[in-house]
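Only one structure is covered here, and it is reproduced in the block below.
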Amino acid sequence: MYQSRLHATNGVISLAVDSLSGELLEFVRESTADNLLKNHVRRAWSLLDGLLVTDQGDLRFHPPRYADIKRDPSLTPEISVQQEERQATLHWFFPALIADEARLELNARITVRLLPEDCRAYWTLTLDNRTGFELDDIAFPVVDGAWLGESWQDDVLVYPHFAGCRIDNPTEQLASEPQLIHWKWQEYIYEYNIGQETGARDDRGAYVHRLNYSGQASMVWMDLYNPTEKTGVYITCRNSSLTMKALRMESFGKTDPGVGMAILHRPGQKNGVWSSEECILAFHEGDWHWAADDYRAWFATLPRRNPPYHRPEWFEKSPGLMAHYDFQYQGGGIVHTFRDIPDLLREAQKLGFNHLLLSGWNEDGFDFGFPHYTPNHRLGTEQELKDALAQCKQLGGHVCFYINSRLCNIGFADQQDRIQKSAIMNRDGSLFIEKYGADDLAFASLCINDTAWRRALAETVRYLTQDLGADGMYLDQLAMATSCKCYHPGHKEHAHNPTAWNQGYEKLLAEMQRDYAPEGMALIYEGCNDAFGPYASGQLVSELHCPFRGRMPEVYKYTFPDQILVDMMNPRRNSAMRPEHIARHSTELLYNAFTMGAYFWCYDLEWDNTWRRDPEQYERLKRLTALRVSWLKHFGHGRFTDTVGVGRAPKGQQIRRYLLQNGALLACAAEKGLAGAISLAWDSDKPPVCQIMTLRCPEPTVSPCKMDKTQAGSEVVVALPEDEAAVIVLLRG
């Protein structure tokens, strides 16, 4: 009997494939009979697609379909299913893949395993490439035309843009017009997305949003879930080497509905056999927290990913930092000199901060003088800088310096040899150039796998901390700027492997650690990434730059709850550096960072971005900082669980839960004032001791609470205090 499709199941999930072409037709959750693949989008390619990088341009390859096989029967794939009682394995062998209907010297083997009582499908791919062209952007596994349940309109896509973002109704949102504004600050013209993320249309007509890892993608997973039906589907790659990857999400719009998701692999090799790491497609109940739990559990199995944190004791107890970019700006303007630094610390201490970050301190100034990392002669002498740092230490303060981890001003005559030897080189021999600020400025991106440049960076850090006396460093762009392929023939460390970017930065961070005591210096860098996070004191997630209506920094924080995220705060009034649509959300952003346990990054840029010109927000920040200091002093950071474990809670209020060694902590905030009561599960028969701290009274005060018995066990109910922000602590008696 002719079988048009082949089936495989483990009783939890099932797959069906076309018996002739091998196309994936069904990916079904057995308990609900819901097939994720509701639209077989003909402009997308089932299972996999990818690019061959040629001198004439990129060729998109993919498996053959019926018409291709009919034209050339030798393209017919071999497909088999090994079905056992509660498990199954599927095999595909494509003797050749095609591009523009042309047969390629490129074959593919795919295996999918369904294990007993497991909601995960395990996917692997092997390509044998004899084309002589480089493999890149291999999308595998691929799902398209996907939504959960009855309608695509109530689905939510969560993805790791920096720390995390969400797209509501991704089928329609990705294909919509972007909502962009432009904002001028000095010589910078910033572009801000004031809506949710959208896609860019490609040659297939798909609206694609892509995140490179490292770069915009802080992790390698996405989750599509339906809050109405409380179900979701998760895609990830067990990228144990933490090498360059990318995430692709796409839509063809509501006229051809469904969302597409894929892992993009970047082999960077021309000939020979390449195999993917194991990839996962999984159904689950609930929302994105399930996906984060799975990714965290897998990441914890990696044997070499647990270096000691750079977490000095003072940093652990600090609420945040005050950033000064106003020593010498890009255009040459000078606001402060080295002798001003102790007074700047005193101003920060009035707000409760003991940590300064200095930028523009270097020769030729901020966003111009890279990599001239010596004290700026226009601001004072090296000895004056050393004396200022020593005085800050006497005042109980801590000072960190800004340096950029990759940029080199191409206009500097004294840097031409470095650019020639260390810069990232594209395949055609050109340089990878970046532009920031003034139109007449451009920067070469330096390759972190060039030994000389990496050693120069490490030596700069050593000089600033050990010779000048800084307490820490901020490395700009390290995890936020996109990872780059480099084809420089002189870079021996990554010879014949243009995709070693992440490993180069791991080397830098490891080399820097060897120069310090076990607790290390305070190390912060721009961006957020699981490969580098274990090396850092804090990671700057810059939620101000994310799509404004989709930002979810709690996604990364929940996945890696023991790591500290740093986030930028902005005053409401007199905000020159940030646009109005951000400034008007000043309190919301401040309270979101507080409840998420973030390290506050506040600017003090005199006329450009200072809290001192916004008395109301200055007072709010001062009170909130005192509350955060009290939280850390009495109870430590705790282990972030987001809203997991919180039961009933009033709507419109930010409430996050933390686990303590002997109880739980709730961080609560609402701009219009807290009201009502919250409940959370309690794992003891004895009622807890409840302590509350507020903006008005930051020291812990014992407060009553009620414990009830439910069918699920015990729960504690606490009335929220009448204040804008509070910390509620429940301790076992």
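Per 0.36 nm of contour for each residue apart, how much would the distance between Lys622 and His91 grow if the chain were fully extended, relative to their Cα-Cα spacing?
Values: separation 531, 0.36 × 531 = 191.16 nm, distance 6.18 nm.
Stretched out fully, the Lys622 to His91 stretch lengthens by 185.0 nm.
Pull up all non-local amide H partners of Thr231: gap of 5 or more, or a different chain, and H-to-H distance under 5 Å with H placed in the peptide plane.
Asn226, Gly286
What is the sum of charges around Ser276, taking Lys and Arg as +1, Asp and Glu as -1, for the other residues whose C-beta is under 15 Å from the C-beta of Ser276?
Numbers: positive: Arg109, Arg113, Arg238, Lys245, Arg248, Arg266; negative: Asp49, Asp128, Asp136, Asp137, Glu277, Glu278.
So the surrounding residues net to 0.
Can you give the relative contact order of the chain as a percent, counting alpha carbon pairs under 8 Å and 6+ residues apart?
Details: 1782 pairs, mean separation 73.9, N = 733.
Here the relative contact order equals 10 percent.
Can you grab the distance from the C-alpha centre of the range 1-71 to the C-alpha centre of the range 687-728, Å, no decimals?
53 Å
Could you list the residues of the range 386-409 with an amide nitrogen less than 20 Å from a label point located 7 Å from the Cα of Asn426 in the Cα-to-C-beta direction?
406-409
Per-residue HN-Hα couplings for the range 707-723, Karplus 6.51 cos²θ - 1.76 cosθ + 1.60 at θ = phi - 60°, whole Hz, x for Gly and Pro?
Result, rounded to whole Hz: 10, 10, 9, 10, 4, 8, x, 9, 9, 10, 10, 10, 7, 6, x, 7, 7.
Given the C-alpha centroids of the range 447-477 and the range 83-126, what is the distance between them in whole angstrom?
The range 447-477 and the range 83-126 have Cα centres separated by 46 Å.
Taking each pair of different alpha-carbon atoms in the chain once, compute 1/r for the pair, average those values, and report the inverse of that mean as the Kirkwood hydrodynamic radius in Å to one decimal. Please report the intermediate quantities before stating the final value.
Working: mean 1/r = 0.0364 Å⁻¹.
Here the Kirkwood hydrodynamic radius works out to 27.4 Å.
If the cut-off is a Cα-Cα distance under 16 Å, which lysines reach Lys651, setting aside same-chain residues fewer than 8 apart in sequence?
Once the sequence-local lysines are set aside, what remains near Lys651 is Lys672.
For the range 639-731, what Kirkwood radius comes out of the mean inverse Cα-Cα distance, in Å?
13.2 Å is the Kirkwood radius here.
What spacing in nm lies between the two simple spin-label points modelled at Gln153 and Thr228, each 7 Å away from Cα in the Cβ direction?
Calculated label separation equals 0.8 nm.
If I model a spin label at His634 and Asp467 as a point 7 Å from the Cα along the Cα→Cβ vector, what separation in nanometres do I get?
4.6 nm
Return the loop-located GluC sites (Glu not before Pro) in the range 74-154 (DSSP other than H, G, I, E, B) with at most 14 other Cβ atoms within 10 Å of their own Cβ; answer none if there are none. Can you show the working numbers first?
Values: sites: Glu78, Glu84, Glu85, Glu101, Glu105, Glu117, Glu134, Glu150; in loops: Glu84, Glu85, Glu101, Glu105, Glu117, Glu150.
In loop regions of the range 74-154 (DSSP not H, G, I, E or B), the sparsely surrounded GluC sites (Glu not before Pro) are Glu84, Glu85, Glu101, Glu105, Glu117, Glu150.
Restricting everything to alpha-carbon atoms, can you work out Rg to Rh for the range 1-129 with a Kirkwood hydrodynamic radius?
Details: Rg = 15.5 Å, Rh = 15.6 Å.
Computed over Cα atoms, the ratio is 0.99.
Fully extended, how many nm does the chain gain between Glu671 and Arg130 (0.36 nm per residue separation, minus their Cα-Cα distance)?
Numbers: separation 541, 0.36 × 541 = 194.76 nm, distance 6.15 nm.
Length difference between fully extended and current span is 188.6 nm.
Give the peptides 182-195, 225-238 in descending order of average Cβ contacts within 10 Å, highest first.
Working: 182-195: 13.8, 225-238: 20.4.
By packing density, highest mean first, the sequence is 225-238, 182-195.
Roughly speaking, what is the centre-to-centre gap between the range 625-686 and the range 316-356 when only Cα atoms are used, to the nearest Å?
32 Å
State the extension gain, in nm to one decimal, for the chain segment bounded by Cys697 and Ile433, taking 0.36 nm per residue of separation less the distance between their alpha-carbons. Could the numbers behind the result be given before it?
Values: separation 264, 0.36 × 264 = 95.04 nm, distance 5.20 nm.
Here the answer is 89.8 nm.
Where does the range 449-562 land on Rg(C-alpha)/(2.2 N^0.38 Å)? Mind dumping the intermediate values first?
Working: Rg = 15.6 Å, N = 114, 2.2 N^0.38 = 13.3 Å.
My calculation over the Cα atoms of the range 449-562 gives 1.17.
Just to confirm the filter: which trypsin sites (Lys or Arg not before Pro) across the range 305-381 are DSSP coil and have at most 13 other Cβ within 10 angstrom of their Cβ? Don't skip to the answer; put the middle values down first.
Working: sites: Arg305, Lys317, Arg339, Arg346, Lys350, Arg378; in loops: Arg305, Arg378.
Passing both the DSSP loop test and the Cβ count: Arg378.
For Lys557, give me every one of the lysines with a C-alpha distance below 19 angstrom, ignoring sequence neighbours fewer than eight places off in its own chain.
Lys317
Give me the one-decimal Kirkwood hydrodynamic radius in Å for the range 138-247, with the sum taken over alpha-carbon pairs. Don't skip to the answer; put the middle values down first.
On the way: mean 1/r = 0.0644 Å⁻¹.
Hydrodynamic radius (Kirkwood, Cα only) of the range 138-247 equals 15.5 Å.
All of the numbers you see were taken from the coordinates with simple rules; none came from a lab. Just so you know, these numbers come straight off a predicted model, no measurement behind them. Positions of Cβ are generated from backbone atoms using ideal geometry, with glycine treated the same way; all protein chains shown enter the neighbour counts.
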